[in-house]
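Student: Once you've had a glance at the structure underneath, I'll fire off some questions.
The values are calculated or read from the model by the stated rules, or taken from the named source; none is laboratory data. In this text the structure is predicted, and so the values were computed from the model without any measurement. Methodologically, a virtual Cβ is constructed for each residue, glycine included, from the backbone with ideal geometry; neighbour enumeration extends over all protein chains shown. Heads up: the accessible areas ignore ligands, DNA and RNA and are worked out on the full protein's heavy atoms, side chains in. Shrake-Rupley method; radii C 1.70, N 1.55, O 1.52, S 1.80 Å.
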Amino acid sequence: MTTIMVTTMIALLLLGFPMMIPLITAAVIGFFMMFNGLGQMDTLIQQMMAGIRPASLIAVPMFILAADIMTRGQSADRLIAMVMSFIGHVKGGLAVSTAASCTLFGAVSGSTQATVVAVGSPLRPKMLKAGYSDSFTLALIINASDIAFLIPPSIGMIIYGVISGTSIGELFIAGIGPGLLILLMFSLYCVIYATVRKVPTEPKSSWGERFTAVRQALWPLGFPVIIVGGIYGGIFSPTEAAAACVLYAVFLEFLIFRSLKLPDIYQIAKSTGLITAVVFILVAVGNGFSWIISFAQIPQELLAAAGINEAGPTGVLIAICIAFFVACMFVDPIVVILVLTPIFAPAIEATGLDPVLVGILITLQVAIGSATPPFGCDIFKRPYLDVIKGTPPFIMILVLAAALLILFPQIALFLRDLAFR
């Protein structure tokens, strides 16, 4: 049965069907083979509906809506200007500013795609003009956007938390340390690159200009305060923090900055609705598929065949990293989380691994895999080879970060333990 389901999925993917079709087709085939017919199909439908029933998922469309409002408004530009005013003049400062801006915008949006668009659109032309190669610029923007997956809020963490039953609040807090570590590692590489390539520095901003940039960015900096401070202080649940972010985004862009008008609401709502529909369909179908493979004991069979059950905690973490990294190079990250998390669940439980640490590693691998080309080719309208040329150093840095997390789990768990233990 496993062979037939996997073969069906691969065949339909190669034929160009959207991911939901291979998933649901494989689930129906598995259901038919287990129950000798489709007479109890309502059971599968109930499992699919159960996948989108958790209240925590309400945070997903809210964070998407908030990110869409900010991307179309002035929040991103103000954050970028503040970062540039302080470090734009140092060696590699423009590249470091780009990475830092991705981190900041990730902390207010939780969306990799939104971060690429919001930061990449204004900063890519500046980096090219300053003397950075296009391949380096594209690779930096695309891979620095991975930090948005780790810095709260993170849509990937919400999906993992719902599937695994792990606290989303703990995942959010635990993602801060790894996110800042990756920012530091990217910044060091940017400085080395700019020094070796002799890239000129930007003019130094005066303290008056810096003060003005900070003052203008104070309002957007309220987003991470609402999310992290609200959850850490016990004021908000993650879902309530998402709702507060939407209200705050509307307040900023429509009333304070006045960068958006009432007619813009239609386009914003339409964009958010389309993205949310895709996400929720994938979650529903993925939950039905996960139920089928769990009911058929397929995860236990696969783990036993691969010898992962006897690998120990470190071996299980390495296997998880490899599986998620490879899968996300070809399949939507949400689908990968939905399908692979239940497969590895028995091994995670058997080895006593902290589900929060596992969630952070999964989120990082999903970010790495989903950021590999061809992601970015469509956004920047650049050929595949141009995008892939500068990517390997950043992928190596991200893989090194994953290795450090496995060796030193307190990088992720220190703040979690401080906040919740």
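Student: Percent of Cα-Cα pairs per 5 Å bin, from 0 to the last occupied bin, for the stretch 164-215, please list those.
Tutor: All Cα pairs, binned at 5 Å, distribute as 4, 14, 11, 11, 15, 18, 11, 7, 5, 3 percent.
Student: Okay, next question. Under the Karplus relation 6.51 cos²θ - 1.76 cosθ + 1.60, θ = phi - 60°, what is the ordered set of whole-Hz ³J(HN,Hα) values for the stretch 68-75, x standing for Gly and Pro?
Tutor: With the stated coefficients, the stretch 68-75 comes to 5, 4, 5, 5, 7, x, 9, 4 Hz.
Student: Hey, another quick one. Obtain the nm distance between the two label points defined at residue 247 and residue 41 by a simple spin-label model: each point lies 7 Å from its Cα along the Cα-to-C-beta direction.
Tutor: Modelled inter-label distance: 4.4 nm.
Student: Only Cα pairs within less than 10 Å get springs; with that Gaussian network setup on the chain, which residue of 211, 105, 86 has the largest fluctuation?
Tutor: Its mean-square fluctuation being the largest, the pick is 211.
Student: Let me understand the stretch 157-284 better: what is its radius of gyration from the alpha carbons, and its Dmax, in angstrom?
Tutor: Over the stretch 157-284's Cα set, Rg and Dmax evaluate to 19.4, 53 Å.
Student: May I pose another question? Using a 1.4 angstrom probe, figure out how much accessible area the chain has per residue, in square angstrom, rounded to the nearest whole.
Tutor: 42 Å²
Student: Follow-up question, since we're still on this one. Starting at the first residue of the stretch 89-105, write each ³J(HN,Hα) from the Karplus equation 6.51 cos²θ - 1.76 cosθ + 1.60 with θ = phi - 60°, in whole Hz, x for Gly and Pro.
Tutor: 8, 7, 4, x, x, 5, 5, 5, 4, 5, 5, 5, 5, 4, 5, 5, 5
Student: Something else now. Report the accessible area of residue 32, computed with a 1.4 Å probe over the heavy atoms of all protein chains in place, in Å² rounded to the nearest 10.
Tutor: 110 Å²
Student: List the relative contact order of the stretch 112-168 as a percent without decimals, with contacts defined as Cα pairs under 8 Å and 6+ residues apart. Walk me through the numbers on the way to the answer.
Tutor: On the way: 29 pairs, mean separation 18.1, N = 57.
Rounded, it is 32 percent for the stretch 112-168.
Student: Report the residue, chosen from 233, 288, 92, that carries the largest GNM mean-square fluctuation when the chain is represented by alpha-carbon nodes joined by springs under 10 Å.
Tutor: Between 233, 288, 92, it is 233 that shows the largest mean-square fluctuation.
Student: Can you tell me the orientation of helix 410-420 relative to the chain, as the angle in degrees between its alpha-carbon axis and the longest Cα principal axis, to the nearest 10?
Tutor: Between the helix axis and the principal axis of the chain, the angle is about 90 degrees.
Student: Would you kindly find the accessible area of residue 215, with a 1.4 Å probe and non-protein molecules such as ligands, DNA and RNA excluded, rounding to the nearest 10 Å²?
Tutor: 120 Å²
Student: Which percent of the accessible area of the chain is formed by carbon and sulfur heavy atoms (probe 1.4 angstrom)?
Tutor: Roughly 69 percent, rounded to a whole number.
Student: Still on this structure, I have one more. Using protein chains only and a probe of 1.4 angstrom, how many square angstrom of residue 189 are accessible, to the nearest 10?
Tutor: Surface open to solvent at residue 189 totals about 60 Å².
Student: Between residue 349 and residue 207, what is the label-point separation in nm under the 7 Å Cα-to-beta-carbon projection?
Tutor: 6.0 nm
Student: Using only Cα atoms, find the angle between the long axis of helix 155-164 and the longest principal axis of the chain, and express it within 0 to 90 degrees, rounded to the nearest 10.
Tutor: The two axes meet at around 30 degrees.
Student: Continuing with this model, one more query. Quote the relative contact order of the chain in percent (integer), defining contacts as alpha-carbon pairs under 8 Å separated by 6+ residues.
Tutor: On the way: 616 pairs, mean separation 104.0, N = 421.
Computed value for the chain: 25 percent relative contact order.
Student: So what's the back-of-envelope 222 nm ellipticity for the chain, counting only DSSP H runs of four-plus at -39500 (n - 2.57) apiece and dividing by all residues, rounded to 500?
Tutor: Per the formula, -23500 deg cm²/dmol.
Student: Keeping every protein chain in place, order 9, 33 by accessible area at 1.4 Å, biggest value first, i.e. largest first.
Tutor: Reading off the accessible areas and sorting them downward yields 33, 9.
Student: Now a separate question. Any idea what log10 I(q)/I(0) is at q = 0.08 Å⁻¹ for the chain, Debye with uniform C-alpha scatterers and no solvent?
Tutor: Once normalised to I(0) and log-transformed, intensities are -0.44.
Student: By the gyration tensor of its Cα atoms, with a ≥ b ≥ c the square roots of the eigenvalues, what is the shape of the stretch 51-107: rounded for a/c under 1.5, prolate for a/b over b/c, or oblate?
Tutor: prolate
Student: If the only charges are +1 at each Lys and Arg Cβ and -1 at each Asp and Glu Cβ, what is the size of the charge dipole of the chain around the Cα centre, to the nearest 20 debye?
Tutor: 1420 debye
Student: Let me know the shape class of the stretch 1-79, please: from the alpha-carbon gyration tensor, a ≥ b ≥ c as square roots of the eigenvalues, rounded when a/c is under 1.5, otherwise prolate if a/b is greater than b/c, or oblate.
Tutor: Cα axes put the stretch 1-79 in the oblate bin.
Student: Sort 178-186, 342-350 for me by packing, meaning the mean count of neighbouring Cβ atoms within 10 Å per residue, highest on top. Provide the component values of the computation, followed by the final result.
Tutor: On the way: 178-186: 21.1, 342-350: 19.0.
Result, highest mean Cβ count within 10 Å first: 178-186, 342-350.
Student: Just list whichever of 129/204; 204/389; 126/261 have alpha carbons separated by over 20 Å in the model shown. Write out the running numbers ahead of the final one.
Tutor: Numbers: 129/204 17 Å; 204/389 31 Å; 126/261 29 Å.
Checking Cα-Cα distances, 204/389; 126/261 exceed 20 Å.
Student: For the stretch 1-147, state the average projected area of the convex hull of the C-alpha atoms over all orientations, rounded to one decimal in nm².
Tutor: For the stretch 1-147, the mean projected area of the Cα convex hull comes to 12.2 nm².
Student: Continuing with this model, one more query. Give the ranking of 82, 49, 157, 396 by solvent-accessible surface, highest area first, calculated with a 1.4 Å probe. Don't skip to the answer; put the middle values down first.
Tutor: Working: 82 25, 49 95, 157 0, 396 135 Å².
In descending accessible area the options line up as 396, 49, 82, 157.
Student: Per residue of the stretch 273-287, what does 6.51 cos²θ - 1.76 cosθ + 1.60 with θ = phi - 60° give for ³J(HN,Hα)? Whole Hz please, x for Gly and Pro, Karplus curve as stated.
Tutor: In residue order, the calculated couplings are x, 5, 5, 5, 4, 4, 4, 6, 5, 5, 5, 5, 5, x, 5 Hz.
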